[in-house]
1. Taking all protein chains as present, what is the carbon and sulfur share of the accessible area of the chain, in % to the nearest whole number, probe 1.4 Å?
2. Beyond a 25 Å Cα-Cα separation, which of these cross-linked pairs lie in this structure: Lys32/Lys166; Lys32/Lys162; Lys8/Lys167?
3. Write down the accessible area per residue of the chain in Å², having rolled a 1.4 Å probe over the full set of protein chains.
4. Output the relative contact order of the chain, whole-number percent, from Cα pairs under 8 angstrom with separation of 6+ residues.
5. When the Cα atoms of the chain are enclosed in a convex hull and the volume is divided per residue, what value in Å³ results?
6. Rounded to the nearest 20 Debye, what is the dipole magnitude of the chain about its Cα centre when Lys and Arg each give +1 and Asp and Glu each give -1 at the C-beta?
7. Share of antiparallel DSSP beta bridges in the chain, in percent to the nearest 5?
8. Need one number for segment 65-144: average projected area of the convex hull over its C-alpha atoms, nm².
Amino acid sequence: MKQDIYRKKFLLSQARFYGILDLGYVPAEKLKAYSEQLAEGRVDILQLRAKNLEKKKIAEHARAIQSSLVEKEILFIINDYPDIALEIEADGVHLGQEDMPIEQARKYLGEEFLIGKSTHTLSQALTAAQEPVDYIAFGPIFKTPTKPDYLPVGIESIAAVKERIKKPVFLSEG
């Protein structure tokens, strides 16, 4: 299992394209087809986001997506639910500011799973960099309908994040 986390961390270190399949925008019947298209497009990381859906359905959708990623060097991340990530043996979980605390998620999942965290200000990003996360999402860069309550962090913040944070950081639209 240790070898698996080294593979995951290597893939994370090489990742440049982070795709999100959000059931708020993608019809459930298209998830598998879209995940296959993203895999063909050489996405490095693929996250399933399914707000307001029962966990059993999220796990079913996750398994369908995961089956399309078999034998591909694509990390599969579950948004919000460490228990689902553990259950289906995803590569990791992505947590927001209001989700399970990172330390608690790390204890629950152990070191074998990647953990990412959403941040919406430079201060949050700097705090997250001190937590046991493997990567950070930073944004939204511009105003977006997916995060109407968040102020855009703006382009100027990107340089500060890059300069001060050594963990992988992915720019987030929402």
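1. Taking all protein chains in place, the chain shows 53 percent carbon and sulfur surface.
2. Over 25 Å Cα-Cα: Lys32/Lys166; Lys32/Lys162.
3. 55 Å²
4. 17 percent
5. Measuring per residue, one finds 114 Å³ for the Cα hull of the chain.
6. 280 debye
7. 0 percent
8. Over every viewing direction, the Cα hull of segment 65-144 projects on average to 6.0 nm².
The values are calculated or read from the model by the stated rules, or taken from the named source; none is laboratory data. Just so it is clear, the structure is predicted and the values come from calculations on it, not from any experiment. All Cβ positions, glycine included, derive from the backbone under ideal geometry; neighbour counts span all protein chains shown. In case anyone asks, the SASA skips ligands and DNA or RNA and just uses the protein heavy atoms, side chains included. Shrake-Rupley method; radii C 1.70, N 1.55, O 1.52, S 1.80 Å.
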